[in-house]
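> Provided herewith is a single structure, encoded as structure tokens, for subsequent inquiry.
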Amino acid sequence: MKEAPTGRVTLIFTDVEGSTVLWERAPEAMRQGLILHDELMRRLIGEHDGYEVKTEGDAFMVAFADTTAALRWCCAVQEELLELEWPADLLAQPEAAEVVTADNGPFAGLRVRMGGHVGEPDCRPDPITGRMDYFGPMVNRAARVGAAGHGGQIVLSSAVLDEATVPTDVVTTSMGQHGLKGLVTPEELFQVLPKKVARRSFPPLRTLSIRKSNVEADDRTFVGRAGALEQLATLLDDGA
């Protein structure tokens, strides 16, 4: 088993878009499709020196010691998903249908969204499984970035792009600054796609709008309540 990375780690979160609907409409085809999906993900994790942290349903959390390897893994997954022999009943569903047009695609089979961030998480082995797990603000940011995209899309933070060596056959596009749910500081996000699928088009990212203001952001939970908090503290000190 590969040793879990610690220190500076790149975390990638993945998820299959539309999986709930696919399970309802074509359960047997979806079952076969997920077997293909899981086998592909794990084979490529091994080939790119990744560490499978855990899975939840069809979602993967994967850790990499090398940022470039993480980027290459994401691209390899998107390319090789196209080559799988998906069940015909799965391809018959709109959420997994083949799409190849002049301005969109190619798509075929399960649409996997991928995204992540790099930083120094709190690293602690799970007391039951013994496998390394990761905690802290860096993990929260990686998860939010991972949830921002759509099926077939790779979205990475600016920190990942700053550290990774981007291969010449990969297209990166800045998506601008985005607010992420529960996080104070916005993040510049990048779409990253191998040239083989660079024609893919997607709806806007699933992020929060950023309010433009010349007022400095307040990172306290009770924004604008400093006076009230001081008064409350005084009352408590007086025995109230």
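Where a number appears in this text, it was derived from the coordinates with a stated rule and is not lab data. None of the values given here were measured: they were computed from a predicted structure. No Cβ is skipped: glycine too gets one built from the backbone with ideal geometry, and neighbour counts run over all protein chains shown.
> Give me the number: length gained by fully extending LEU232 to THR129, i.e. 0.36 nm times residue separation minus the C-alpha to C-alpha distance, one decimal in nm. Let's see the in-between values first.
Working: separation 103, 0.36 × 103 = 37.08 nm, distance 4.48 nm.
Stretched out fully, the LEU232 to THR129 stretch lengthens by 32.6 nm.
> Let me ask something additional. Simple spin-label model, 7 Å along Cα-to-Cβ: GLU163 to LYS181 in nm?
Placing both labels 7 Å beyond Cα along the Cβ direction yields 2.6 nm.
> Going highest first, how would you order 116-128, 2-14, 141-153 by mean Cβ packing within 10 Å?
Values: 116-128: 16.5, 2-14: 19.3, 141-153: 23.0.
Put in order of decreasing packing, that is 141-153, 2-14, 116-128.
> Cα centroids of segment 77-117 and segment 148-166: how far apart, whole angstrom?
When both Cα centres are located, 19 Å separates them.
> Sorted by average packing, counted as other Cβ atoms within 10 angstrom per residue and highest first, what order do 62-68, 192-198 take? Each step should come with its number before you reach the end.
Details: 62-68: 21.4, 192-198: 17.6.
The packing order, highest mean first, is 62-68, 192-198.
> Ok, one more. Please give the per residue volume of the convex hull enclosing the alpha carbon atoms of segment 89-206, rounded to a whole number of Å³. Please report the intermediate quantities before stating the final value.
Values: hull volume 17.3 nm³, N = 118.
Output value, Cα hull per residue: 146 Å³.
> Hey, what's the Kirkwood Rh for segment 1-76 if you take every pair of different alpha carbons, in angstrom? Spell out each step's value before the answer.
Working: mean 1/r = 0.0756 Å⁻¹.
About 13.2 Å for segment 1-76.
> Of the listed peptides 22-28, 167-173, what is their order by residue-averaged count of other C-beta atoms within 10 Å, with the highest listed first? Write down the numbers at each step before the final one.
Values: 22-28: 15.3, 167-173: 12.3.
For the peptides 22-28, 167-173, the packing ranking is 22-28, 167-173.
> Continuing with the same structure: Cα to Cα, under 20 Å, and not fewer than 8 places away if on the same chain: which aspartates and glutamates meet these conditions relative to LYS2?
ASP38, GLU39, GLU47, ASP49, GLU52, ASP66, GLU120, ASP122, ASP126, ASP133
> Compute the semi-axes of the equivalent ellipsoid of segment 1-151, taking the square root of 5 times each eigenvalue of the Cα gyration tensor, and list them largest first in whole Å.
Working: eigenvalues 162, 51, 38 Å².
Sorted largest first and rounded, they come to 28, 16, 14 Å.
> Using unit Cβ charges (K, R positive; D, E negative) and no other charged atoms, how large, in debye to the nearest 20, is the dipole of the chain about its Cα centre?
Details: 24 positive and 36 negative charges, 93 e Å.
The dipole magnitude comes to about 440 debye.
> So which aspartates and glutamates can LYS181 reach, going by Cα to Cα under 17 Å and dropping same-chain residues fewer than 8 places off?
Those aspartates and glutamates meeting the cut-off are ASP218, ASP219.
> Determine the sum of side-chain charges near PRO27: Lys and Arg each +1, Asp and Glu each -1, restricted to other residues whose C-beta is under 14 angstrom from that of PRO27.
Here the charged neighbours net out to -3.
> What translational D, rounded to a whole number of µm²/s, comes out for segment 87-138 from Stokes-Einstein when the hydrodynamic radius is the Kirkwood one over Cα pairs, at 37 °C and 0.692 mPa s?
Numbers: Rh = 14.7 Å.
Diffusion coefficient, whole number: 224 µm²/s.
> Relative contact order for the chain using alpha-carbon pairs under 8 Å, separation at least 6, rounded to a whole percent?
On the way: 440 pairs, mean separation 47.5, N = 240.
Dividing the mean separation by the residue count of the chain yields 20 percent.
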